[in-house]
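Chemist: Got a structure for you, questions after.
FYI, it's all coordinate maths here, none of it is from the lab. Since the structure is predicted, the reported quantities are computational estimates derived from the model, not experimental observations. Backbone-built Cβ (ideal geometry, glycine too); neighbour counts: all protein chains shown.
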Amino acid sequence: MGWSDTWKDILDGGNQRWKVDNLDAKKIALKHITDNTITSSARKLKILCPLAGDDKFVFHAWSEGHDVTAIDLVPEAVAAMRQQFGSSTDGWTSTPKEDEGLVWKHDSGRVTLYEGDMLKKRSELENSFDAIYDKDSYGALTKDIRPAFCQRLSDYAKDGATLYIEVKNKASGREHGPPFHVEKSDLMESTSFGPYFNHVTALGELYPLPMPGMQQTGHILKRMLRK
Ligand SMILES: C[S@@+](CC[C@H](N)C(=O)[O-])C[C@H]1O[C@@H](n2cnc3c(N)ncnc32)[C@H](O)[C@@H]1O
């Protein structure tokens, strides 16, 4: 099943798959990000959420005053994300970007939603983000797509930026996905984040999942300084 059909099924009330709508889980993520990134307590961050779906983290981080950019391929997922801000139309302006899909801007000036392919190079995002929130995005990708995905994240992160990443640890079926089983060694491969990020902390299990044999684990990585 492709991503578009997967989203149709989710939004029609079918299996909710990876979705975690519990606000406590979003608070845990944002706290890890701010603890690892903020040097002055007043500072608000520019946060990138790749392959975001309709993850409630975006609304939560925005409501805490941060500036958030999210990217997803599927228009219905991006519409569900906009709806969390009160309406999928009011308060939003969309601009088509040639062959790069649509860009939605929220009237607050602090939310940008890209409706398009994450792998597309977007020069306006280069060296822009203090932090990246990746929940189940890297872990949803087959190994052939990971190099381009990791390259994009490294392009868009500022020097020293925090990469907060949530991945699944699976008791069985580790070679099959999505979701794929992901450990520190996978993240730090030379075809993944290894050339661009240092591994800082393995956070262990973050919160319980209702799926037997699966753990939601986290890692903190830091963007190396550009030469
Ligand atoms: C496993 S889901 C994770 C969604 C979200 N991070 C969460 O945990 O709630 C993966 C998401 O990636 C999106 N996606 C897959 N390939 C993509 C691509 N090349 N560019 C942008 N989005 C993509 C899918 O539509 C889906 O919403």
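Chemist: Whole number please: convex hull volume per residue of the Cα set in the chain, in Å³?
Modeler: 127 Å³
Chemist: Please compute the length gained on full extension between Lys44 and Met188, using 0.36 nm multiplied by the number of residues separating them and subtracting their Cα-Cα distance.
Modeler: Extra length from Lys44 to Met188 when fully extended: 49.0 nm.
Chemist: Using helices alone, what [θ] at 222 nm do you get for the chain, with -39,500 (n - 2.57) per DSSP H run of 4 or more residues, divided over all residues and rounded to the nearest 500?
Modeler: -7000 deg cm²/dmol, from helical runs alone.
Chemist: Work out from phi, with θ = phi - 60° and the Karplus expression 6.51 cos²θ - 1.76 cosθ + 1.60, the ³J(HN,Hα) of each residue of segment 163-177, listed in order in whole Hz, and give x for Gly and Pro.
Modeler: Per residue, the Karplus-derived 3J(HN,Hα) values read 10, 9, 10, 9, 9, 8, 9, 10, 6, 8, x, 5, 7, 10, x Hz.
Chemist: Going by how many other beta carbons lie within 10 Å of each one, how would you line up Ile47, Ile38, Ile33, fewest first?
Modeler: Ile38, Ile33, Ile47
Chemist: Among the DSSP beta bridges whose two residues both lie in segment 20-223, what percent are antiparallel, rounded to the nearest 5?
Modeler: Antiparallel bridges make up about 60 percent of those DSSP assigns within segment 20-223.
Chemist: Using the basic label-point model (7 angstrom from Cα toward the beta carbon), what is the Lys227 to Gln16 distance in nanometres?
Modeler: In this crude label model, Lys227 to Gln16 measures out at 4.8 nm.
Chemist: Could you give each residue of segment 60-68 its phi-based ³J(HN,Hα) in whole Hz, using Karplus coefficients 6.51, -1.76, 1.60 with θ = phi - 60°, and x for Gly or Pro?
Modeler: 5, 5, 5, 5, 8, x, 7, 9, 10
Chemist: Now, a different point. Count the lysine pairs in segment 11-104 whose Cα atoms sit under 24 Å apart, keeping only pairs 8 or more residues apart in sequence or on different chains.
Modeler: For segment 11-104, qualifying lysine pairs total 16.
Chemist: Can you tell me which of Ala79, Ala171, Ala52 moves the most in a GNM of the chain? Springs connect C-alpha atoms under 10 Å apart.
Modeler: Most flexible of the set in this elastic network: Ala171.
Chemist: Next up: Quick one: if the Förster radius is 22 Å, what FRET efficiency do Arg174 and Lys27 give, using the C-beta to C-beta distance and rounding to 0.05?
Modeler: E(calc), rounded to 0.05, equals 0.15.
Chemist: Now, a different point. Local charge sum around Asp54 (other residues, Cβ-Cβ under 10 Å, Lys/Arg +1, Asp/Glu -1)?
Modeler: So the surrounding residues net to -1.
Chemist: OK, next. Once Lys and Arg get +1 and Asp and Glu get -1 on their Cβ, which of Met224, Ile71, Met81 lies farthest toward the positive end of the dipole of the chain?
Modeler: Met224
Chemist: What residue among Asn36, Tyr138, Gly194 has its Cα farthest toward the positive end of the dipole of segment 20-223, where the charges are +1 on Lys, Arg and -1 on Asp, Glu, each on the Cβ?
Modeler: Asn36
Chemist: Starting from the Cα of Glu98, move 7 Å in the Cα-to-Cβ direction to define the label point; list residues of segment 112-133 whose amide nitrogen is under 12 Å from there.
Modeler: From segment 112-133, the list is 121-124.
Chemist: Kirkwood hydrodynamic radius, computed over distinct alpha-carbon pairs, for segment 103-149: how many Å, to one decimal?
Modeler: 12.8 Å
Chemist: For segment 20-223, calculate the relative contact order in percent as a whole number, restricting contacts to Cα pairs under 8 Å that are 6 or more residues apart.
Modeler: 18 percent
Chemist: Turning to a different aspect of this structure: Just report the Cα centroid separation between segment 99-117 and segment 146-206, whole Å.
Modeler: The two parts, judged by their Cα centres, are 25 Å apart.
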